Amino acid sequence: MAECAVYLDFAMENEDPPHGIARGLTNYADSAFALYLRRSFAKSLGYSAELLAKPVIGIASTPSGFNNCHRAMPELVEAVKRGVLAAGALPIDFPTISLGEVFLSPTSLMFRNLMAMDVEEMLRAQPMDAVVLIGGCDKTVPAQLMGAASADIPAIQLVTGPMMTGRHQGERLGACTDCRRYWSNFRAGKISAAEIDLVEGSLATTAGTCAVMGTASTMACIAEALGMSLPGTAAIPAVHADRLRAAEASGAAAVRMIRQPRPSQVMTSKSIENALRVLLAIGGSTNAIIHLTAIAGRLGIPVSLQRLNELSDTTPVLVDLKPTGEYYMEDFHAAGGMAAVLRELRPLLHLECISVTGETLEARLDSERNSYSDPTVIRPAAEPIELLGGLVALFGSLAPGGAILKRSAADRTLFEREGRAVVFDSLEDLAQRIDSEDLDVSAEDFLVLQNVGPTSRSGMPEAGYLPIPLKLAKAGVKDMVRISDARMSGSAFGTIVLHVTPEANLGGPLGLVKNGDRIRLSVEQRRIDLLVDEVELDRRRAAKAPLPGAPSRGYAKLYSDHVLQADQGCDFDFLRADPPTISE
Ligand code: FES
């Protein structure tokens, strides 16, 4: 009888707007029939009519056997469900594709836009009043935020959290900065094959995302800086009980935000700028500038590299984490996490920005005024690690549209110099020749890698961290200037100029560089110049044959036909908001 009463009262489709499972009915040209049918099928899932009358909170779940970073996803989903139920709504989880960084070929970036489209369309097509997005590994959080920005239904980001460190012969190890350090030692013959085998088993020892301030952790911090995650949740380790409590709280918060705020009210030009400040202060991943540009682009908010430089000039590096510093994400969390970073940056931030809780950043920071912080890991603004921000954009004749250097991870003795180009025209060419004894190269040369940008066959892989040629590595060379239109892992380090725009594959000057050309780098002047005259460049341009191998079908064709350059976030041209939809 009670069921019947609920059924008769169940007129959600007549509400304005409809809520819960009455939202977005399947089109049968008879909405009453569509609701009856949907409710009937929902009951086959075992839900009572009482529960089906409640608001629905979607949970975008991304477990995958190919994504170790999301290993704890089932526990997180259950915890979110608890929070939603306790707050009086119906939680319904659903899958989207999952992107496990090291399991994808040719590179995960190529599939970020596919996942973003999946998220956007599923948020729009399925009946939910708000959504908790659970991601973690590098490309998943950007994809979820891009999709949520476009769908613009109330959304809250929950991250899986970072891994704990492992141990090798008494030394702490964390994926994946230490992966690269040990691999470099192995290549240089400093450690044995048996030892690298042991290291392999100690680098990634728990569920969660990489243990350093790589792309995943950077994006987790950015999500919190944007206001899209609950305060204090970015850095909680994946295996910590607080991570489950954060999930439960995210579920409850989603119920409170059923009408608003929407992503377009949280992610504004000012909160994007706050996120850029945080990116610079934490010495975050170069990938994050691409992702943040893509997220902002979904809302019609431009992110210019010139503005990045202005912010970088006035934002100190505060966080002493690998790959640029000493510590790991578990230390960052214990040292106060994002609360400490935001408190130190307070004079530089737009305090009127709101988070998904509806609270302003000012109110948050006031309430956290006396929270703990450890200055050995998160420095006071008055005693920064570096006075200037971690990233800098370079412009010049080699990169008219800009390039990125992570100066906090680079060797500053290489910042002002001119060098001879040693050119590799593809990944295959690099693999074949980099370790050859015959390679004509010295430590003063600039290594140049071409044709690995967004539209290339390799899809802008994290290949910008070119290995030091073996004969130089054996001689003790640890860093060289390296230039490409590729990306670099957030956990890598070195004097590496990335994201050169326009890319070589689209006729950018990078593709015209030849062995022996001179290139001048000046970080102080923010310039990277190819010292070859225009007449000669025109001659080379005219003689250049188009590269073979453009994809002819499927997603690869869609990608190569529509992906934008790095300075526009490598999103698809048809997915950016145009005209702007800023709702400040
Ligand atoms: Fe997933 Fe590093 S591989 S975060």
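The values are calculated or read from the model by the stated rules, or taken from the named source; none is laboratory data. Source: prediction; values computed, not measured. Methodologically, a virtual Cβ is constructed for each residue, glycine included, from the backbone with ideal geometry; neighbour enumeration extends over all protein chains shown. For the accessible areas, the whole protein counts, side chains as well, though only heavy atoms, and no ligand, DNA or RNA atoms are used. Shrake-Rupley method; radii C 1.70, N 1.55, O 1.52, S 1.80 Å.
So how many residues does region 92-105 have that are within 16 Å of the ligand (Cβ to nearest atom) and open to solvent by 40 Å² or more (accessible area, probe 1.4 Å)?
So the answer is 5.
Of all helices (runs of 4 or more DSSP H) completely enclosed by region 284-377, which ones contain at least 2 residues that are within 30 Å of Arg262 (Cα to Cα) and within 23 Å of the chain's Cα centre (by Cα)?
Working: elements: 287-297, 305-313, 329-334, 337-345, 361-367.
Filter on region 284-377 gives 287-297, 305-313, 329-334, 337-345.
Tally time: how many residues in region 39-79 are out of contact with any Ser or Thr (no Cβ under 6 Å at 6 or more places or on another chain) and away from the ligand (no atom under 16 Å from the Cβ)?
26
From (1) aliphatic (A, V, I, L, M); (2) assigned to a helix (DSSP H, G or I); (3) at pLDDT 95 or above, pick out the condition that doesn't hold for Leu25.
(2) is the only condition that Leu25 fails.
Within region 202-218, identify whether any single residue is within 27 Å of Ala431 (Cα to Cα), open to solvent by less than 20 Å² (accessible area, probe 1.4 Å), within 16 Å of the ligand (Cβ to nearest atom) and not in a loop (DSSP other than H, G, I, E, B), and answer yes or no.
yes
Cβ contacts < 8 Å: first residue at pLDDT 95 or above, restricted to region 316-341; second residue among the aromatic types (Phe, Trp, Tyr) and outside any loop (DSSP other than H, G, I, E, B), any location; separation 6+ or different chain. Result?
Within 8 Å, the pairs are Val319/Phe332; Asp320/Tyr327; Leu321/Tyr327; Leu321/Phe332; Ala335/Tyr327.
Look through Arg112, Arg180 and report the one residue that is within 16 Å of the ligand (Cβ to nearest atom), farther than 26 Å from Met257 by Cα and open to solvent by 40 Å² or more (accessible area, probe 1.4 Å).
Arg180
Listed residues Ala125, Ala89; which is open to solvent by less than 10 Å² (accessible area, probe 1.4 Å) and either in contact with a helix residue (DSSP H, G or I) (Cβ under 6 Å, 6 or more places away or on another chain) or within 26 Å of Pro55 (Cβ to Cβ) (or both)? It would help to see each step written out before you state the result.
Values: Ala125 fails: open to solvent by less than 10 Å² (accessible area, probe 1.4 Å).
Only one candidate qualifies: Ala89.
So for region 117-134 (the condition being of a type in the set (Gly, Ala, Ser), in a helix (DSSP H, G or I) and under 15 Å from the mean Cα position of the chain (by Cα)), does at least one residue qualify?
From region 117-134, those of a type in the set (Gly, Ala, Ser) are 125, 130; that's our starting set.
Next cut, in a helix (DSSP H, G or I) only: 125.
Then drop every residue that is not under 15 Å from the mean Cα position of the chain (by Cα), which leaves none.
No, every residue in region 117-134 fails to be of a type in the set (Gly, Ala, Ser), in a helix (DSSP H, G or I) and under 15 Å from the mean Cα position of the chain (by Cα).
Looking at region 516-553 only, could you name the residues that are touching a strand residue (DSSP E or B) at 6+ places or on another chain (Cβ under 9 Å), hydrophobic (A, V, I, L, M, F, W, C), crowded, with 16+ Cβ neighbours inside 10 Å and part of a loop (DSSP other than H, G, I, E, B)?
Matches in region 516-553: Val523, Val532.
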